[in-house]
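All remarks here apply to the structure that follows.
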2 protein chains.
Amino acid sequence: MKSVKAFAPATVANMVCGYDILGFAVNEPGDTVELILNDSGVVTLDHISGDGGLLPKDAQKNIASAVVMQYLSGIGKSQGVSVKLYKGMPLNSGMGSSSASSVAALLAINHLMGEPLSRVQLLPFAMEGERLACGSAHADNVAPALLGGLVLVRSSNPVDPIKLPVPEGLFCTLVHPHVDVPTSESRRILKERIAVRDAITQWGNVAGMVAGFCTNNKALIGRSMEDIIFEPIRAMLIPQFYEMKQKALELGALGFGISGSGPTIFALTEDKLVAEKIAKALPDILSVNNTHADSHVCTINTTGAAIL
Amino acid sequence: MKSVKAFAPATVANMVCGYDILGFAVNEPGDTVELILNDSGVVTLDHISGDGGLLPKDAQKNIASAVVMQYLSGIGKSQGVSVKLYKGMPLNSGMGSSSASSVAALLAINHLMGEPLSRVQLLPFAMEGERLACGSAHADNVAPALLGGLVLVRSSNPVDPIKLPVPEGLFCTLVHPHVDVPTSESRRILKERIAVRDAITQWGNVAGMVAGFCTNNKALIGRSMEDIIFEPIRAMLIPQFYEMKQKALELGALGFGISGSGPTIFALTEDKLVAEKIAKALPDILSVNNTHADSHVCTINTTGAAIL
């Protein structure tokens with residue numbers, strides 16, 4: 001029977017000021033999905049590991065198998081598929097966990113079906129996976145997970161993903177405090193209306209960050225990484241957020257912020273040693289109040305999900 | 001007596017979605033300021049032409065002479081200066097008329113004083129000129145008038161101007177309908193709070209436009225030139241705005257929008273012939289309802305204000 005394994009990486013969405021429109025992929029952690037074609041005519045979910053028993057076992061509800069069903073229906077094929085999901089990152093962490101599962105599954109099934117769709121054409125299926133996972137079909141995790149690098153989602157409807165240049169030699173430290181912040185809750189607490197004045201400040205920083213990436217101006221990237229609208233609200237859900245921020249910047253981070261909707265935070269640096277210092281110092285800060293955390297020092301994944 | 005003439009160009013601020021943060025300079029029209037040093041110890045305004053008699057003749061209130069006073073006070077010098085202002089563009093047109101006057105005057109006086117300040121250091125004085133002219137110290141006209149090209153004003157306080165790359169071969173058509181739209185009025189009618197959803201759409205487009213300019217992607221520039229927040233309101237002050245927009249896009253414009261706070265509109269094209277067609281067709285549309293208009297086909301001024 002034909003089978004394949006695919007890997008899709010964790011992603012950092014929002015990137016401080018780029019709420020809902022920017023995200024980048026990191027080389028690790030990530031999820032692996034294995035698909036085996038069969039003659040049953042149905043999609044079954046036959047293995048999940050690494051989820052601590054928390055993900056749905058129903059093939060209709062688990063997003064790895066659900067997006068395979070939607071994909072097959074989308075291309076008008078009926079095909080038996082056995083789905084095996086190997087989670088390589090924590091759930092509800094803000095690192096694009098659901099996105100990694102759906103993107104790995106979509107890349108794998110598209111590969112097995114002879115690649116009738118391009119990566120960009122897979123995006124709408126992955127976005128539907130996000131709707132299933134958290135109620136909103138956003139693309140700022142799935143687009144970088146699929147395409148790699150830093151992706152601007154200029155528009156969500158129709159989706160318009162633009163892969164931006166990324167300066168060489170950037171490192172990302174991810175620190176995941178073990179506290180519970182569901183995406184839906186983290187979206188719910190945000191305001192629905194904002195002052196025009198604040199919106200202008202925000203799009204000035206968005207423009208600065210995009211210009212910094214496109215023109216290899218790391219200082220500009222750093223000073224543009226400011227979010228006056230969402231961070232002050234979401235930071236309340238993350239223990240010792242401002243202590244960690246101050247420490248990361250003191251240690252030399254270009255910028256610091258919440259990854260996706262948190263609780264994972266990320267620091268961008270241009271020095272691996274600084275990235276490693278941050279990966280050690282921030283969990284130490286959290287441990288004072290008995291919050292456990294794991295941390296990763298990553299590079300930017302410029303190629304996206306991959307067939308293994 | 002030492003004297004000098006300086007020219008500063010018209011500028012297109014806002015650039016559709018980049019409200020308050022983006023602007024570019026065009027090669028014409030523009031204002032010329034002549035300064036002659038003397039021993040009087042005071043700054044006098046001795047000539048104005050091209051303003052139709054509308055600008056203040058009081059040296060404290062006319063912005064060309066007022067910024068010279070502020071500059072001299074800023075660098076701690078007392079100096080007699082005779083100021084002559086030759087307006088080369090209409091007032092209250094949305095083409096950065098006040099900005100051209102103050103920038104030309106500042107470049108001239110800085111030149112005569114031996115250039116103690118850099119162009120970027122002249123910016124705060126020019127911004128104060130804007131406050132005098134329209135009540136708000138914004139930099140999105142004065143920064144491109146001074147520095148040339150396309151300038152991102154990431155932050156206004158402290159001011160952080162970033163000159164962005166501009167693709168070669170862009171043309172700008174400016175059409176100035178002869179109707180009265182004072183900047184202060186045009187700002188007053190804007191909303192103070194906006195939906196987060198709309199702000200996200202806007203900064204997606206801002207990011208797309210900046211990425212388009214930085215990576216020489218003209219199609220991306222074009223499809224990012226959308227403003228769902230301010231244009232629908234300000235368009236009401238401009239006769240036949242949507243007819244002109246449709247015509248410009250039909251003729252092949254990359255994008256179309258209001259220049260500054262209007263009533264001038266601008267179209268960006270990558271073909272001089274298209275730019276010229278638009279410069280003819282739009283005044284024709286306006287003339288149906290007896291609105292007169294003048295139009296210019298310009299290139300991007302990449303070097304900014306200049307000593308003549």
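The values are calculated or read from the model by the stated rules, or taken from the named source; none is laboratory data. Just so we're clear, the structure is a prediction, and the values are computed from it rather than from any experiment. Please note: Cβ atoms are built from the backbone with ideal geometry, for glycine as well, and neighbour counts cover all protein chains shown. Please note that ligands, DNA and RNA were not included when accessible areas were found on the heavy atoms of the full protein model with its side chains. Shrake-Rupley method; radii C 1.70, N 1.55, O 1.52, S 1.80 Å.
The table for this structure:
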item	result
Among residues of segment B:284-300, those that are under 21 Å from the mean Cα position of the chain (by Cα) and either surrounded by 19 or more Cβ atoms within 10 Å (Cβ to Cβ) or part of a loop (DSSP other than H, G, I, E, B) (or both), counted	6
Residue match in segment A:202-215 (condition: part of a loop (DSSP other than H, G, I, E, B), more than 21 Å from A:SER261 (Cα to Cα) and either of a type in the set (S, T, N, Q) or at pLDDT 95 or above (or both))	yes
Strands (runs of 3 or more DSSP E) enclosed by segment B:96-200 - at least 3 residues per element that are open to solvent by less than 30 Å² (accessible area, probe 1.4 Å)	B:150-156, B:159-164, B:171-177
Residues that are closer than 19 Å to A:PHE256 by Cβ and assigned to a loop (DSSP other than H, G, I, E, B), drawn from segment A:1-20	A:ASN14, A:MET15, A:VAL16, A:CYS17, A:GLY18, A:TYR19
Every residue from segment A:1-15 that is open to solvent by less than 10 Å² (accessible area, probe 1.4 Å) and within 14 Å of chain B (Cβ to nearest Cβ)	A:ALA13, A:MET15
Tabulated pairs, segment A:145-161, first over 17 Å from A:VAL103 (Cα atoms), second among the polar types (S, T, N, Q) and not in a loop (DSSP other than H, G, I, E, B), C-beta under 8 angstrom, 6+ apart or interchain	A:ARG154/B:ASN205; A:ARG154/B:SER224; A:SER155/B:THR201; A:SER155/B:ASN205
Single condition B:GLY114 does not satisfy, out of (1) touching a helix residue (DSSP H, G or I) at 6+ places or on another chain (Cβ under 7 Å); (2) on the phi > 0 side of the Ramachandran plot	(1)
Filter result (touching a helix residue (DSSP H, G or I) at 6+ places or on another chain (Cβ under 8 Å) and more than 7 Å from every other protein chain (Cβ to nearest Cβ)) within segment B:196-215	B:MET209, B:GLY212, B:PHE213
Residue among B:ARG154, B:ARG193, B:ARG188 that alone is within 8 Å of chain A (Cβ to nearest Cβ) and over 25 Å from B:ALA219 (Cα atoms)	B:ARG193
Residue match in segment B:247-270 (condition: open to solvent by 10 Å² or more (accessible area, probe 1.4 Å), free of Cβ contacts under 8 Å to residues at least 24 places away in the same chain and within 27 Å of A:GLY208 (Cα to Cα))	no
Tally, over segment A:70-95, of residues that are part of a loop (DSSP other than H, G, I, E, B), in contact with an Asp or Glu (Cβ under 8 Å, 6 or more places away or on another chain) and hydrophobic (A, V, I, L, M, F, W, C)	2
Hits in segment A:56-69 - residues which are surrounded by fewer than 21 Cβ atoms within 10 Å (Cβ to Cβ) and part of a loop (DSSP other than H, G, I, E, B)	A:PRO56, A:LYS57, A:ASP58, A:ALA59, A:GLN60, A:LYS61
Filter result (crowded, with 24+ Cβ neighbours inside 10 Å and not hydrophobic (A, V, I, L, M, F, W, C)) within segment B:20-55	B:GLY23, B:GLY30, B:ASP31
Selected residue (criterion: farthest from A:LEU22 (Cα to Cα)) from residues of segment A:242-280 that are polar (S, T, N, Q), assigned to a loop (DSSP other than H, G, I, E, B) and modelled with pLDDT of 95 or more	A:THR264
Among residues of segment A:271-285, those that are touching a residue at least 60 places away in the same chain (Cβ under 8 Å) and in contact with a helix residue (DSSP H, G or I) (Cβ under 7 Å, 6 or more places away or on another chain), counted	3
Only one of B:HIS176, B:HIS138 that is under 14 Å from the mean Cα position of the chain (by Cα) and farther than 26 Å from A:ALA211 by Cβ	B:HIS176
Candidate set: segment B:226-241, residues that are closer than 16 Å to B:LEU268 by Cα and not in a helix (DSSP H, G or I); chosen: the one nearest to the other protein chains (Cβ to nearest Cβ)	B:GLU226
So A:ARG223, is it at pLDDT 95 or above, under 25 Å from A:VAL297 (Cα atoms) and at the interface with another protein chain (Cβ under 8 Å from one of its Cβ atoms)	yes
Index of the failed condition, B:LEU220 passing every other in (1) open to solvent by less than 10 Å² (accessible area, probe 1.4 Å); (2) more than 21 Å from the chain's Cα centre (by Cα); (3) touching a residue at least 24 places away in the same chain (Cβ under 8 Å)	(3)
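Every residue, every condition in (1) touching a strand residue (DSSP E or B) at 6+ places or on another chain (Cβ under 7 Å); (2) among the hydrophobic types (A, V, I, L, M, F, W, C); (3) under 25 Å from A:ASP51 (Cβ atoms), yes or no:
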position: A:GLY88; (1), (2), (3): yes, no, yes
position: A:ALA108; (1), (2), (3): yes, yes, yes
position: A:ALA143; (1), (2), (3): yes, yes, yes
position: A:LEU147; (1), (2), (3): yes, yes, no
position: A:SER155; (1), (2), (3): no, no, no
